[in-house]
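Okay, structure first, notes after.
The values are calculated or read from the model by the stated rules, or taken from the named source; none is laboratory data. Worth saying up front: this structure is predicted, and the values here are computed from it rather than measured. Positions of Cβ are backbone-derived with ideal geometry, glycine not excepted, and every protein chain shown enters the neighbour counts.
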Ligand SMILES: Nc1ncnc2c1ncn2[C@@H]1O[C@H](COP(=O)(O)OP(=O)(O)OP(=O)(O)O)[C@@H](O)[C@H]1O
Ligand SMILES: [Mg+2]
């Protein structure tokens, strides 16, 4: 039984005659209410539904029950027991007769315990005069067990090859945050296409989640294009991520394994912070959503506080998910130029970090780390704070190899050791840039790129670290002792 079902049961056992269920899922709620009605009021307990189109099909009801006040009157007059579900009633709460009807339902039915009126709606609107009477339940989206049952049920209606048990439970976890209707659409697509490979199915689910967040406007789905092999160096960070790869599995949740909350990656520009956020998603098979703090603060979506709050709620709705807050210091800095709104958002964010549902992982990336308030670094908010420094010589060799391969060159034909030395003080983005330029130049001359192309281009690159030496020193000394080096080679430069 899930938590919401237990809450409904408690409300009924507590003889609350007026229960408000906040949920967009009428079908699922009806199923749940039928089960609770049987359990609490007896096998023969009926569940009646009202809507403004269909009215209320109640034996003995008179008048046009499509009118909500008449429907409530019919419920009050009805002699038998049962659950009475009023769909979309909040749209009619500006009518005093409807509010009065609910009040009377409360007064007349309180204590009887066998007639319960449910208001069911995705919207929450409670008139002030009913605040004390209504028992409010925010219904959770289906949990993994319900999702698993639903997927198995849907699967039985199709002919094809059934999914492996392991795939089924992974699919159930990935579907978390979606409604039964959304699950139905995705799984129909999956089953009719005959897809049985886990990656293909997970991709379909990611696409559906992408559509859900697109409706919110300031969240961007980042497709899982970069694999862990595409990230050079950063050994400690990689190890941390690999060790937690299984953490979003159903088994881990069921076994009560502590689920990591988030990661803060700070440090030098162009060294792979954003890349690391993308890698988490592909490694863990969890969709990644990037929140654009500049859009939040733009005012385009209302007040920044409300927009940020809505972002967090939207992401909660599609869990399991990774929320990537890029350049977090832009939103919530404590440094110069910080605003009251920024500070407000920042404290709301910290509270949320502590209370958020477990299957949301935060990846925050930051450059101007000095601007971050001390509370954010404090243990307990993020599981780990990594500092990304310029790559060491060995790491640079790895990065050269990755980008040469990406540009379809054979790294064995290049002197990687030499390139590692040559690029001392460079960041990953500069290495990438050198390879790209070399390829373009060689292509222009109608040839494959060679070592001498790379060598020539390399001579023209002035690394950022040359021009920003002083700032880099500051960042390094700030990070020392406050953050874990993302690279295995830690402080050993060269
Ligand atoms: N460690 C790395 N391995 C492979 N490629 C890298 C690495 N670091 C950087 N790159 C390349 O440089 C590009 C830019 O890196 P990225 O956007 O991750 O930097 P960043 O640390 O987020 O920088 P900024 O602080 O400017 O946002 C990446 O897309 C990637 O191609
Ligand atoms: Mg970045």
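Brief remarks on what is shown
- Scanning the range 268-283 for residues that are in a helix (DSSP H, G or I) and either within 14 Å of residue 244 (Cα to Cα) or more than 6 Å from ligand 1 (Cβ to nearest atom) (or both) gives 276, 277, 278, 279, 280, 281, 282, 283.
- Positions within the range 284-299 being without any contact (Cβ under 8 Å) to a residue 24 or more places away in the chain and part of a loop (DSSP other than H, G, I, E, B), in sequence order: 299
- Any hit, the range 181-189, residues being outside the structural domain of residue 270 (by TED's automatic domain parsing), crowded, with 20+ Cβ neighbours inside 10 Å and touching a residue at least 40 places away in the same chain (Cβ under 8 Å): yes
- Scanning the range 281-308 for residues that are crowded, with 24+ Cβ neighbours inside 10 Å and under 24 Å from residue 484 (Cα atoms) yields a single hit, 281.
- Hits in the range 142-162 (condition: touching a helix residue (DSSP H, G or I) at 6+ places or on another chain (Cβ under 7 Å) and under 21 Å from residue 3 (Cβ atoms)): 142, 144, 147, 148, 150, 151
- Subset of the range 301-324 (residues that are part of a strand (DSSP E or B) and either at pLDDT below 85 or under 8 Å from the mean Cα position of the chain (by Cα) (or both)): 321, 322, 323
- Checked against the criterion of being assigned by TED's automatic domain parsing to the domain that holds residue 29, surrounded by fewer than 14 Cβ atoms within 10 Å (Cβ to Cβ) and over 23 Å from residue 12 (Cβ atoms), the candidates 54, 80 yield just one match: 54.
One line per residue, one yes/no per condition, for (1) within 16 Å of ligand 2 (Cβ to nearest atom); (2) under 16 Å from the mean Cα position of the chain (by Cα); (3) under 11 Å from residue 388 (Cβ atoms):
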{"site": "240", "(1), (2), (3)": "no, no, no"}
{"site": "245", "(1), (2), (3)": "no, no, no"}
{"site": "256", "(1), (2), (3)": "no, no, no"}
{"site": "259", "(1), (2), (3)": "no, yes, no"}
{"site": "263", "(1), (2), (3)": "yes, yes, no"}
{"site": "266", "(1), (2), (3)": "yes, no, yes"}
{"site": "270", "(1), (2), (3)": "yes, no, yes"}
{"site": "279", "(1), (2), (3)": "yes, yes, no"}
{"site": "285", "(1), (2), (3)": "no, yes, no"}
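- Restricted to the range 348-424, the set of helices (runs of 4 or more DSSP H) holding at least 1 residues that are over 15 Å from residue 271 (Cβ atoms) and in contact (Cβ under 8 Å) with a residue 60 or more places away in the chain comprises 374-377, 393-406.
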